[in-house]
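**Student:** Okay, handing you the structure first.
The values are calculated or read from the model by the stated rules, or taken from the named source; none is laboratory data. Remember, predicted model here, so these are calculated numbers, not experimental data. Cβ sites come from the backbone with ideal geometry, for glycine too, and all protein chains shown count toward neighbours. Areas reflect the complete protein model, heavy atoms only, side chains present, ligands, DNA and RNA absent. Shrake-Rupley method; radii C 1.70, N 1.55, O 1.52, S 1.80 Å.
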Amino acid sequence: MARPLAPRPALRRGRPPALLVAVVVAAAAVCCCRGGAGAAQGDGDVMPSAVCPASSVTDQAVPAIISFQTGARQAYIGTSGAAELRLVVTAVEFFRLEHANGSAIPARDEVLKADAHRSVCGVLFEELWASDGRGFPYPSGCYYGQETATGAATSREFGIVFETKAGLAPSTRYQIAIRATMRQGVKLGDEVIQVRSLDDAGGVIEAGLGGLSLTPAAASSSTSPQLTSLTLDVDGTGDSVSIDDTSLPLKVNLTGDAARPLTAGSHLRLLLRPMTAWALGPACAATCRPAAAGQLCGALGRCSGEAVVEGEGRNIAHLELPTSLTPIRGTSVTPTLELWGLGLPAQAFFPAKLGAQVTDISDRFPQFIESSDTIHWFSPPGG
């Protein structure tokens, strides 16, 4: 069950945190994310963990999910339970956790643990989800430290604090939606985040090594396709589209770069958000409607559902543009894609933007943008 967070800025400066001490574990790779391995699993005190970006773009803040699973440990239901979840970004030179709105967290900014507040959780995290029917435990507060040199790398820690005996549950899958920036030099399987559940004395109940689920791709080339905007057909009713009527399609308008248009066979991945709410089928239905007479936009070569976190709900519609397509460029060729039968998410949600990754015919040179409009679903009364 997902738990929404309402962001409200809360930053303060204070003393530098103590140097971080690495948790040493015996790890073996476990596949948890779309695209490959990257979780750690070991001798009972290590939880499977992974970091799953929704896009392979580098040098840009993109949505991502930290995924982990707790073990069947008595400590989670003991005297204090899990008092804290700590996330340690191990090398910010290659992987940075950003504010939930995508802006960078300054290196010397921090919120001390003593000042942990729920508003900070909203500043850092977009979504919190648990497979447990009770949902992700409601945080009493969140905090984060300054960037700290630890040997050859620079690390940074983030914490979610829970009330006594109201923390993580045993044998439960969790997802935390974040914004993150990847740099060239990191690759599939590289450890980028340590995930630790702590008791009230600061002892480690379990720890996982969150490996990256993909290798970041080369930046877009001078000829690779580029979108300049992604808008939704709101039919003059505002800037947000309700998806409550599943008999109607979700209409997405594409505007391509005049010099680098979207051409036949280009790939378009539409990221549906909230990411933890959706569960598309393995196949989807989509049609393309030309913007003007004489322009071509034939049958799409592909429409399939993909999951950011493998084995969880599919939240990406992967489309392959038609082979009969007038290049999508400028304001003169702006076709509309219509996606049918997406179904309703498990929960209602407030307005959220779509994400979109565009790649060329060989699925290379990614670009990631967000829609200017939003979608929403407000559950009916009593629903």
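**Student:** Could you derive backbone 3J(HN,Hα) for segment 167-174 from the dihedral phi with the Karplus parameters 6.51, -1.76 and 1.60 (θ = phi - 60°), listing whole Hz in sequence and x where the residue is Gly or Pro?
**Tutor:** x, 5, 9, x, 6, 10, 8, 10
**Student:** Quick one: Debye curve from the C-alpha atoms of the chain, no solvent, what's log10 I(q)/I(0) at q = 0.06 Å⁻¹?
**Tutor:** For the chain at q = 0.06 Å⁻¹, log10 I(q)/I(0) is -0.24.
**Student:** Report the percentage of all Cα-Cα pairs in segment 63-194 whose separation exceeds 26 Å, rounded to a whole percent.
**Tutor:** Numbers: 1964 of 8646 pairs.
I get 23 percent for the Cα pairs in segment 63-194 exceeding 26 Å.
**Student:** Provide the FRET efficiency to the nearest 0.05 for the residue 150-residue 101 pair, computing r from the beta carbons and using R0 = 22 Å.
**Tutor:** Working: r = 28 Å, r/R0 = 1.26.
Computed FRET efficiency for residue 150 and residue 101 comes out at 0.20.
**Student:** On a full-extension model of 0.36 nm per residue, what is the gain between residue 247 and residue 200, subtracting their alpha-carbon distance, rounded to one decimal in nm? Walk me through the intermediate numbers first.
**Tutor:** On the way: separation 47, 0.36 × 47 = 16.92 nm, distance 5.06 nm.
This chain segment gains 11.9 nm when fully extended.
**Student:** With viscosity set to 0.890 mPa s and temperature to 25 °C, compute the Stokes-Einstein D of segment 48-114, Rh being the Kirkwood radius across alpha carbon pairs; µm²/s, no decimals. Write down the numbers at each step before the final one.
**Tutor:** Working: Rh = 14.8 Å.
Answer, rounded: 166 µm²/s.
**Student:** At 0.890 mPa s and 25 °C, plugging the Kirkwood radius over alpha-carbon pairs of segment 128-195 into Stokes-Einstein gives what diffusion coefficient in µm²/s?
**Tutor:** On the way: Rh = 14.6 Å.
Rounded, D is 168 µm²/s.
**Student:** On to the next question. Ratio of segment 164-287's C-alpha Rg to 2.2 N^0.38 Å, to two decimals?
**Tutor:** Working: Rg = 20.7 Å, N = 124, 2.2 N^0.38 = 13.7 Å.
Here the answer is 1.51, to two decimals.
**Student:** Mind checking the per residue accessible area of the chain for me, 1.4 Å probe, whole number of Å²?
**Tutor:** Numbers: 15750 Å² over 383 residues.
On a per-residue basis, 41 Å².
**Student:** Tell me, what are the semi-axes, in whole angstrom and largest first, of the equivalent ellipsoid of segment 158-220 as set by the roots of 5 times the Cα gyration tensor eigenvalues? Before the final figure, lay out each step's value.
**Tutor:** Numbers: eigenvalues 178, 28, 23 Å².
So the equivalent ellipsoid measures 30, 12, 11 Å along its semi-axes.
**Student:** For residue 251, give me every one of the lysines with a C-alpha distance below 21 angstrom, ignoring sequence neighbours fewer than eight places off in its own chain.
**Tutor:** Reachable lysines: 353.
**Student:** Would you work out the relative contact order for segment 140-181, in percent, from Cα pairs under 8 angstrom that are 6 or more residues apart?
**Tutor:** Working: 31 pairs, mean separation 14.1, N = 42.
With pairs under 8 Å counted, the relative contact order is 33 percent.
**Student:** Show the residues, 5+ positions off or on another chain, whose built amide H is closer than 5 Å to the amide H of residue 309.
**Tutor:** So residue 309 has HN proximity to 34.
**Student:** Select from 278, 340, 129 the residue whose mean-square fluctuation is largest in a Gaussian network model of the chain (Cα-Cα springs shorter than 10 Å).
**Tutor:** 340
**Student:** If you don't mind, there's one more thing I want to ask. Just need the relative contact order of segment 175-222 here, percent rounded to a whole number, with Cα pairs under 8 Å and 6+ apart. The partial results should precede the final answer.
**Tutor:** Details: 54 pairs, mean separation 18.8, N = 48.
Answer for segment 175-222 is 39 percent.
**Student:** Moving on to the next point. How high is the relative contact order of the chain? Use alpha-carbon pairs under 8 Å, at least six apart in sequence, and give a whole percent.
**Tutor:** After rounding, I find 19 percent.
**Student:** Grab the Cα-Cα distance for residue 109 and residue 165, subtract it from 0.36 nm times how many residues apart they are, and report the gain in nm with one decimal.
**Tutor:** That pair, residue 109 and residue 165, stretches by 17.1 nm at full extension.
**Student:** Tell me which lysines have Cα within less than 20 Å of residue 113's Cα, excluding those fewer than 8 residues away on the same chain?
**Tutor:** Of all the lysines, those that pass the test against residue 113 - Cα under 20 Å, at least 8 places apart if same chain - are 165.
**Student:** According to a simple spin-label model (label point 7 Å from Cα along Cα-to-Cβ), what is the distance in nm between residue 293 and residue 218?
**Tutor:** 4.4
**Student:** Please report, largest first and rounded to whole Å, the three semi-axes of the ellipsoid equivalent to segment 324-383, where each semi-axis is the square root of five times an eigenvalue of the C-alpha gyration tensor. Before the final figure, lay out each step's value.
**Tutor:** Working: eigenvalues 185, 39, 31 Å².
Semi-axes from the Cα gyration tensor: 30, 14, 12 Å.
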